[in-house]
Each structure stands twice: as C-alpha cells, then as structure tokens.
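The values are calculated or read from the model by the stated rules, or taken from the named source; none is laboratory data. Just so it is clear, the model here is predicted, and its values are computed rather than measured. Virtual Cβ from ideal backbone geometry, glycine too; neighbours counted across all protein chains shown. Ligands, DNA and RNA are stripped out before the accessible areas are found, and what is left, the full protein with its side chains, is counted by its heavy atoms. Shrake-Rupley method; radii C 1.70, N 1.55, O 1.52, S 1.80 Å.
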Amino acid sequence: MFAKLSVDQMILKAKSCEKKGKFLEAEELYQTVLKNFSKNKRAHYGLMALNQIKQNYNVQCLPLKEGYKLENLYNQGKFSLAFKNASSLIKQYPKSFLSWNILSISAVQIGNLEVAIEAFQKVISINPGYAEAYNNLGVILKNQGKLKEAFDLLERALKVKPEYIDAYYNLGNVLKEQGKLDEAIEAFKKAISLKPDYAEAYCNLGVVFKDQGRLDEAISAYKKSISFKPNNAPSYSNIGSLLQNQGKLDEAKEAYKKSISLDPNLANAHKNLSFTLLSCGQYEYGLDEYEWRWKTDESLSKYRHFRQPLWNKEISLKGKTILIWSEQGVGDTITWSSCLSHITSQAKHCILECQEKLVPLLKRSFPKIEVKAENRSLDEERNDFDFHISMGSLYQNLNKEIFLKTKVDAYLVPDPDRVDYWRKKLESLGNGPYIGVSWKSVLMSPDRIPNYALISEWSSLLKLPNIKFINLQPKDFEEDLSKIKNEMGVKVHNFEDIDHWEDLDDVAALCTALDMVVSNKITVPLIAAGVGTLTKLANWKQSAWNNILLNPRGPLVQIYEKDTWEKWDNVFKLIADDILK
C-alpha cells in the first residue's frame with residue numbers, strides 16, 4: 001500500500017494523518033517503516049507519541065475501510081452524504097476524531113453552522129493540538145459577528161502552529177472588522193511573508209489600506225493580488241468598491257462585472273454590483289443582484305429555513321397567509337415596513353416577525369398585520385403560513401407599486417399619549433423650534449466611518465440661534481454633548497427619561513413631537529421620516545448605502561449629499577441656510 005513512498009515520505013504522511021485524526025493510517029505508516037527499518041528513531045518516537053495521544057484523550061479509531069470511505073465522500077464533494085455518514089459513525093465511535101472532524105467541515109459546507117460549531121468544539125476536546133479546528137471555528141464565529149471569540153480561537157491556532165498561514169490571514173480579517181487596522185496590516189503581511197504569492201492576503205490588505213484612506217497603496221495591493229492570481233475575482237470586486245467610493249460608477253460596474261465573469265458565484269461581487277446599480281437608478285437589475293446577499297458569508301446565518309416556499313410576485317396570495325421576516329438591523333426593518341400595505345392588500349393574513357423592541361410601534365402602525373417578535377426555534381416545524389419572504393426582498397417583488405409612487409405617506413403611528421407627553425416636555429424648555437440631532441452609528445467600523453461627520457463638523461448648524469436642539473443619539477453621547485457645550489457654547493438637551501436604544505416606540509413619539517430631525521444615516525432619521533416629521537439627512541453621496549433600499553422613506557425627507565473628497569462642513573452649512581430660510 002505504501003511501497004512507492006520513501007521512509008521520509010511515509011513519516012511525513014504519518015504525521016499529516018495524525019493531525020487529521022486518521023490514527024489507524026498513521027499507525028500503519030509508522031509500523032511499515034519499523035518493519036523494514038526497526039531502529040528508525042523518528043518512526044519509533046512517532047508511534048510512541050501517537051499512542052500517548054490515543055491514551056490521554058481516549059481516542060477511538062475508525063476501521064481503515066470506514067475511515068477511507070468517509071474521507072472520500074468529503075473529498076468528492078458529497079458533503080451531505082459525508083455529514084450523514086459521519087453522524088452515523090459517531091453513534092458507534094463517539095470519540096472518533098476523524099468522524100467529528102468530517103462532521104464539522106461537512107456541516108460548514110451544507111450551511112448547518114450550529115452543528116459545525118458543536119462538532120469543532122468536540123474535535124478540539126479530542127485533540128487540543130489540532131490548529132485547524134481552532135482556525136475553522138474562528139472563521140465561523142467571525143462571520144457571525146462574534147469577533148472577540150474568533151480572535152481568542154485564532155490566537156490559540158497560532159500558539160499550536162506558529163507559522164499557520166491561513167490563521168494569520170483570518171486573524172487579519174477579524175482585526176479588520178474590529179477596526180484595528182494597523183494590527184490587521186501586520187497579520188496580512190505576516191501571512192504574505194510566509195507565502196509571498198498569497199493573492200487573497202494582498203487583496204484584503206488592499207481593503208485595509210482603502211479603509212485607512214491610503215488609496216494608492218490599496219490599488220497597488222489589488223494589482224499585486226491580480227499579478228499572482230490573474231483570475232482573482234475578489235480583487236476586481238474590491239477595485240470596484242474603491243471606484244464606487246470615488247464616484248466612478250460606470251468603471252465600478254465594469255470592475256464588478258469582470259469579477260463576476262471570473263467567478264459567477266462570487267456573492268459579494270453581485271451584492272456590491274447591486275448597490276452600484278441602485279445608485280445609478282437601475283432598480284430592477286439592481287434588486288435582482290441584491291438577492292445574492294443570501295450567499296455571502298455574513299448573511300448565511302441570517303437566512304431562515306422553512307418547509308413552506310418563498311413568495312414571489314408571480315404567486316397569488318388570495319386566501320393565503322404570508323410570513324414576512326426581518327433580516328437586517330432595526331433601521332432596515334423600519335424602512336422596509338413602508339411596503340407592508342402592498343402585501344396586506346393581496347393576502348388573507350400577514351404575519352410580521354421582527355426585532356422585539358419594534359413590536360409595539362409596528363403593531364400599532366399596522367393593525368391588519370399580526371406583528372410578533374422573531375422566534376427561530378420552530379422554523380422547520382411551523383405550519384401557520386403558506387408562503388414566506390424576507391423584508392429585503394419586498395422591493396424586488398413590489399417594484400411597480402413602490403417605484404410608481406414617488407411620495408410616501410407617513411406609515412408609522414406613535415403612541416398619542418407619549419407624543420403629548422413629549423410636546424409638553426419640549427415646551428418646558430422654552431420656545432422652539434425643536435430640532436432633534438444624531439450623528440454616529442453605535443457600530444463605528446472602518447467601512448462605516450465615512451458615513452458619519454465629526455461633531456465639530458456640525459458647527460454651522462449647531463450654532464444657529466434661537467433653536468432648542470434635542471439629543472437623539474442612542475448611545476455613547478455624553479462626551480460629544482460635553483464637547484458641543486464647551487467648544488461651541490451650545491446646549492443639546494438630553495432627556496434622561498427615555499431609553500434611546502431600547503424604547504424605539506418612545507423615540508418615535510419624541511420624533512413626532514419635534515419640528516425637525518437632522519442626522520447622518522442611523523436608525524433615528526428612518527424613524528423620523530416614517531412618522532412624517534421633516535427629516536434632513538446628511539448623506540455620503542458615494543456610499544453603497546445611498547440608494548432606494550436604504551434611504552429614509554416618508555413625506556418630508558430632504559437629502560443633502562457630500563462627495564468622498566469633500567468635508568462635511570458644507571453639507572451642514574446648506575442645512576443651516578435652509579433652516580434659516
């Protein structure tokens with residue numbers, strides 16, 4: 001079986017098999033060497049170490065025939081069969097490293113991430129020295145947004161295997177998401193030092209340079225990636241993103257299309273193309289491309305799996321019940337709820353599942369809809385609806401109704417008693433007008449930062465005389481309010497008896513009581529627009545978020561844009577001038 005291998009090759013193969021949990025195959029390789037070279041120390045010590053591992057962790061070995069069959073199923077891409085086979089073998093061999101390992105990586109391939117996480121943890125418990133399990137589990141947690149846990153795991157992978165190239169690459173991705181850009185650069189450069197032609201590392205290094213505003217270095221990194229891998233589709237997609245940020249939309253579209261021509265299944269390229277198309281007014285094409293979001297890593301865990309079919313605009317809802325479920329943040333849920341009346345007019349009954357803190361507001365706003373907090377625990381067993389659709393797909397299936405109506409009426413209904421309460425509270429401050437302000441996201445990651453102005457750039461607006469400014473910033477506003485007062489001599493009133501983050505129903509009531517809301521793009525202007533309050537949005541023109549899907553909808557929305565190469569000051573001066581008029 002191993003006759004064509006040299007002694008060195010057999011020992012290397014044995015060590016590789018050992019790391020993968022193929023202990024019987026590793027044992028057979030060591031014994032083959034010792035059979036012919038009984039004094040070979042490497043084979044002798046390798047066998048001793050292998051036996052120690054099996055003894056320490058009470059590892060069970062699959063019969064060779066079963067092990068080969070299981071591994072072949074995975075290597076042939078038969079992931080569902082490999083998953084099923086591994087699950088069956090685990091019942092007989094509950095401490096089989098190979099079975100748990102194949103189960104874990106097969107589960108990833110078929111999208112069963114809950115099982116994958118459990119299986120990787122079991123792999124680590126059986127063999128704490130298996131760096132690949134730490135790495136793979138870290139990638140899953142990173143894609144779920146659990147960055148701190150992912151970082152701990154990738155660090156452990158590198159302790160076990162200090163020159164683990166992929167772990168450095170994945171660590172760079174985690175650090176990038178955490179906003180630790182200098183550290184991310186070092187991680188990517190370490191991966192490149194170990195593998196100088198690592199095209200993917202150059203590609204993501206370019207993304208970090210772009211986030212730091214180092215555009216020339218970003219382009220250089222992308223070109224380096226392409227030089228090593230001319231068909232590297234992600235690099236072209238990233239070039240498209242950079243071009244979009246520069247306002248070169250036609251060139252961006254071509255870069256995305258080049259990326260897709262190289263890899264038709266590259267979901268991120270399709271998703272990025274969708275935003276560029278929507279920015280250009282190519283709505284139908286853009287919304288079709290937006291459906292690719294479900295194949296991106298970040299959305300895999302958000303999708304819901306039901307026995308019932310997806311609804312599309314070709315299917316009649318007469319006499320039927322449809323479940324509409326939220327998929328993104330609360331801001332998107334609020335904006336997309338503006339479409340719900342188009343569904344209620346077609347279906348016998350509508351169920352909307354959304355974030356729990358939105359239930360009171362949306363239940364009052366849409367009395368014909370059964371509004372409930374999201375509950376995924378029984379998704380595969382439910383029988384209380386006929387069709388389902390995610391909220392982000394409503395525009396695609398209602399495009400005629402949505403795009404033909406140029407003006408959107410107020411669609412959110414606040415609690416009238418709370419509106420009265422806030423009006424009296426505002427009046428207690430003295431004469432108005434009363435203008436609510438918010439300026440930054442709770443999550444200020446590098447890719448989000450260009451959407452938000454520094455508080456100092458609000459100066460021309462905040463210094464307007466005879467206006468009562470009201471804080472609508474949901475979190476982390478104390479330092480900024482102090483800065484406004486100390487540096488501008490302006491008081492922004494903050495009401496202590498409202499939870500801006502959790503009590504969105506009360507935020508809607510406060511927004512209704514105000515004369516106007518001015519904000520960068522966070523949840524607040526989306527609520528204000530929905531209740532019908534005059535909303536002035538300070539928007540980054542080249543942002544991927546600047547499109548019909550994600551901009552606020554309401555009867556009194558005014559959008560003021562700045563280009564990438566401009567400062568925010570002029571936007572707020574324009575808003576201030578309009579308020580004075």
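With the requirement that a residue be more than 25 Å from A508 (Cβ to Cβ) and open to solvent by 30 Å² or more (accessible area, probe 1.4 Å), what does the range 308-345 give you? Matches in the range 308-345: P309, L310, N312, K313, E314, I315, S316, K318, G319, K320. In the range 540-550, the count of residues that are among the β-branched types (V, I, T) and surrounded by fewer than 18 Cβ atoms within 10 Å (Cβ to Cβ) is one or more.
The helices (runs of 4 or more DSSP H) falling completely within the range 90-208 that include 1 or more residues that are small (G, A, S) and within 21 Å of T296 (Cα to Cα) map to 97-109, 113-126, 131-143, 147-160, 165-177. Can you say whether K190 is over 22 Å from N112 (Cβ atoms), of a type in the set (K, R) and either touching a helix residue (DSSP H, G or I) at 6+ places or on another chain (Cβ under 7 Å) or in contact (Cβ under 8 Å) with a residue 12 or more places away in the chain (or both), as far as the supplied structure shows? So K190 fits the description; yes.
One residue is enough: does the range 54-70 have a residue meeting the conditions assigned to a helix (DSSP H, G or I), in contact with a Phe, Trp or Tyr (Cβ under 7 Å, 6 or more places away or on another chain), open to solvent by less than 70 Å² (accessible area, probe 1.4 Å) and at pLDDT 90 or above? The answer is no; no qualifying residue exists.
Restricting E427, E380 to residues that are in contact (Cβ under 8 Å) with a residue 60 or more places away in the chain, over 25 Å from L549 (Cα atoms) and either under 26 Å from the mean Cα position of the chain (by Cα) or open to solvent by 80 Å² or more (accessible area, probe 1.4 Å) (or both) narrows the list to E380.
Quick one: would you say K161 is touching an Asp or Glu at 6+ places or on another chain (Cβ under 9 Å) and open to solvent by 40 Å² or more (accessible area, probe 1.4 Å)? It is true that K161 is touching an Asp or Glu at 6+ places or on another chain (Cβ under 9 Å) and open to solvent by 40 Å² or more (accessible area, probe 1.4 Å).
Of the residues S441, S445, the single one that is surrounded by 12 or more Cβ atoms within 10 Å (Cβ to Cβ), in contact with a Gly (Cβ under 6 Å, 6 or more places away or on another chain) and touching a residue at least 24 places away in the same chain (Cβ under 8 Å) is S445. Scanning the range 441-462 for residues that are over 18 Å from K562 (Cα atoms) and at pLDDT 95 or above yields one hit, L462.
Residues that are modelled with pLDDT under 75 and within 20 Å of Y130 (Cβ to Cβ) were ranked within the range 28-48; the one that is surrounded by the most Cβ atoms within 10 Å (Cβ to Cβ) is G46. Going by the conditions given, is K180 under 17 Å from the mean Cα position of the chain (by Cα), farther than 19 Å from Y198 by Cα and free of Cβ contacts under 8 Å to residues at least 24 places away in the same chain? It is false that K180 is under 17 Å from the mean Cα position of the chain (by Cα), farther than 19 Å from Y198 by Cα and free of Cβ contacts under 8 Å to residues at least 24 places away in the same chain.
When we screen I219, I239, I260 for residues that are free of Cβ contacts under 8 Å to residues at least 60 places away in the same chain, in contact with a Gly (Cβ under 9 Å, 6 or more places away or on another chain) and surrounded by 18 or more Cβ atoms within 10 Å (Cβ to Cβ), the only hit is I239.
Taking the conditions (1) at pLDDT 95 or above; (2) open to solvent by 20 Å² or more (accessible area, probe 1.4 Å) in turn, V524 satisfies each one other than (2).
Screening the range 346-377 for residues that are closer than 26 Å to E114 by Cα and of a type in the set (A, V, I, L, M) and picking the one that is most open to solvent (accessible area, probe 1.4 Å) gives A373.
Here is the figure for the range 257-293: residues that are in contact with a Ser or Thr (Cβ under 8 Å, 6 or more places away or on another chain) and under 29 Å from K146 (Cβ atoms) total 12. Where strands (runs of 3 or more DSSP E) sit wholly within the range 386-505, those with at least 3 residues that are farther than 26 Å from I579 by Cβ occupy 387-390.
Residue-by-condition table, conditions (1) modelled with pLDDT under 95; (2) over 22 Å from the mean Cα position of the chain (by Cα):
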| site | (1), (2) |
| --- | --- |
| N231 | yes, yes |
| S235 | yes, no |
| N238 | yes, no |
| K248 | yes, yes |
| Y256 | no, no |
| L262 | no, yes |
| S274 | no, no |
| C280 | yes, yes |
| Y283 | yes, yes |
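If the condition is being of a type outside the set (D, E) and over 16 Å from H349 (Cα atoms), then the range 313-328 contributes K313, S326, Q328. Report whether or not G77 is closer than 27 Å to T296 by Cα, touching a helix residue (DSSP H, G or I) at 6+ places or on another chain (Cβ under 9 Å) and surrounded by fewer than 20 Cβ atoms within 10 Å (Cβ to Cβ). Taking the combined requirement at face value, the residue satisfies it. If you go through the range 337-353 and keep only what is in contact with a strand residue (DSSP E or B) (Cβ under 7 Å, 6 or more places away or on another chain) and closer than 18 Å to I527 by Cβ, you end up with L340, L352.
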